[in-house]
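Have a look at the structure below, then the notes.
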Amino acid sequence: MKGDIGVIGLAVMGQNLILNMNDHGYKVVAHNRTAEKVDEFLQGPAKGTNIVGAYSLQELVDKLESPRKIMLMVRAGDVVDSFIDKLVPLLDKGDIIIDGGNTNFPDTNRRVAALKEKGIHFIGSGVSGGEEGARFGPSIMPGGSPEAWPFVKPIFQAISAKTENDEPCCDWVGNDGAGHFVKMVHNGIEYGDMQLITEAYQFMKDGLGMTHDEMQSVFIEWNKTELNSYLVEITSDILGYKDTDGEPLVEKILDTAGQKGTGKWTGINALDMGIPLTLITESVFARCLSSLKDQRVEAEELFGKKESIVEGDKQVWIEALRQALLASKIISYAQGFMLMREASNENGWDLNYGNVALMWRGGCIIRSAFLSNIRDAYDIDPELSFLGSDSYFKGILENSMFAWRKVAAKSMEVGIPMPSMTSALTFLDGYTTARLPANLLQAQRDYFGAHTYERVDKPKGEFFHTNWTGKGGDVSSTTYNS
Ligand code: NBP
């Protein structure tokens, strides 16, 4: 009997996805560049299963049922192109290549188009959930050649995480690089969620002087509220974790955050598309700032930074902080969905935002109860332009406003950096202000560069230039937006 699917790449993700597929009754053919890893896998974790090995790409192709489905779980970038180049001459028209790595979506756009010309279908799929997700149920976000989806759907939906209603956290996202785009936004939102939690931690630790056991208890309680999520849950575990000397391990970890690029890509795309994705972008910059450790140590001394003590009833502050965190999180998701909406419009992807929320509901790092509410919001209004306008989320934003402002103001007053919580509030203030000072900005642009402006008392699209000083000419610059 031939294999149902081939997987190339036997590192942590590939191995665990293969074992997961095997558990669900699929016969998987496994291949890896370094052949010894095939043997190690077959004689190790895959021993006693139906998984078979292939030591060359030709052997892999020969061992697969038509149309062949070959999934790459290798390092993103050139390695994917190199495997595609080697596979294509061995494949037949209608065969399917799937890239399950963390690929930047323009690469997927390019590959879908290039392979289409050769009659090969290509799926670019986000896979989230790390090692455990891959093994027992990841969130899977496939996009690319729609003709390929019916062949891949049963396998992907079988191995994916499920919601509490047993719905698969995997559905077709859209054409071209839509799957990888949505995965990128997922990772950007993950940056935001994590940064917000760290800001709450710093406020509690430095501002309220709380112990790690106290903070752990707070996160345990928060996990029983609307904040219920994987990241809040693991944060409570981390805060309670003691090193061998009985001290909290988290305080022994160097405070410089790493990043692999997906948050940065999200920010770059937001800038390219003109979407105010402030919270995620601030979260990326917060990691950049954290990496300037030596400079920060020097600057703290240079500026004689004082302790940032927050006075007042601790319980009241903790509840205010919870509300500020929840409200900021709503803004982060609202901005992320704005970005997806713009990308969907620009690329003709026709994204289903409720389905996206459902795909993130289980299996992935940002899984949370909250995503069910997001799904409900898009069920009510699939074209919702701002998540915060949905009545459930609007209610939370309004109810949290006082506490959120209190926390933001206090952090500024005592000098606790909370870039993401404060930028979320600033965003909402801007978004809910009908008249912003951009009129003055337009005047400045016209003053120094004859960039022209529109008038509130004239139809939109009519542009004016004023000779502000009487010394300039009447010639204006060309009007366009980049
Ligand atoms: P890695 O990203 O570490 O990639 C390892 C695989 O790539 C191995 O099979 C390795 O073969 C192969 N490879 C490399 Br590296 N360079 C190669 C080359 N020049 N030619 C051929 N093969 C090459 O594995 P991973 O952590 O399992 O991740 C796989 C994909 O999934 C990546 O795109 C990753 O970003 C994504 N992802 C990872 C996670 C996670 O939690 N780790 C989560 C979600 C998505 P070799 O054995 O011969 O060196």
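Every number in this text was worked out from the coordinates using simple rules, so none of it is lab data. Everything numeric in this text was worked out from a predicted model, so none of it was measured. No Cβ is skipped: glycine too gets one built from the backbone with ideal geometry, and neighbour counts run over all protein chains shown.
For a 24 Å ceiling on Cα separation, which of these pairs sit above it: 37/264; 37/252; 260/329? Over 24 Å apart, Cα to Cα: 37/264; 37/252. Normalised by 2.2 N^0.38 Å, where N counts its residues, the alpha-carbon radius of gyration of the chain equals 1.11. Normalised by 2.2 N^0.38 Å, where N is the number of residues, the C-alpha radius of gyration of the range 87-188 stands at 1.05. The chymotrypsin sites (Phe, Trp or Tyr not before Pro) of the range 157-239 include none that meets both conditions, a loop assignment by DSSP and at most 14 other Cβ atoms within 10 Å of the site Cβ.
Hey, if you put +1 on the Cβ of every Lys and Arg and -1 on every Asp and Glu Cβ in the chain, which of 401, 61, 157 ends up farthest toward the positive end of that dipole? Selected residue: 61. Taking the longest Cα principal axis of the chain as reference, the axis of helix 212-222 is set at about 80 degrees. Around the Cα centre of the chain, unit charges on the Cβ atoms of Lys, Arg, Asp and Glu (plus for the first two, minus for the last two) sum to a dipole of about 780 debye.
Within straight cross-link reach of residue 93, meaning Cα distance under 16 Å, which aspartates and glutamates are found once same-chain residues fewer than 8 apart are removed? Of all the aspartates and glutamates, those that pass the test against residue 93 - Cα under 16 Å, at least 8 places apart if same chain - are 62, 65, 85, 117, 147. Loop-located chymotrypsin sites (Phe, Trp or Tyr not before Pro) across the range 40-97 with a Cβ neighbour count of 14 or fewer within 10 Å are 55, with loop assigned by DSSP. By the count of other C-beta atoms within 10 Å, a proxy for reagent exposure, 167, 132 are ordered fewest to most as 132, 167. Using bins of 10 Å that start at zero, the share of Cα-Cα pairs per bin across the range 228-373 amounts to 9, 25, 37, 21, 8, 1, in whole %.
Against the chain, whose longest principal axis is taken from its Cα atoms, helix 105-117 shows a tilt of about 40°.
Within a straight-line Cα-Cα reach of under 17 Å, residue 27 can be paired with the following lysines, leaving aside sequence neighbours fewer than 8 residues apart in one chain: 2, 47, 63, 69, 153. In a DSSP loop and with at most 12 other Cβ atoms within 10 Å, there are no trypsin sites (Lys or Arg not before Pro) in the range 330-418. Put a dot 7 Å past the Cα of residue 40, heading toward its Cβ, do the same for residue 254, and the two dots end up 2.6 nm apart.
Rounded to the nearest 500, what is the 222 nm mean residue ellipticity of the chain from helices alone, with -39500 (n - 2.57) per DSSP H run of 4+ residues and division by all residues?
-16500 deg cm²/dmol
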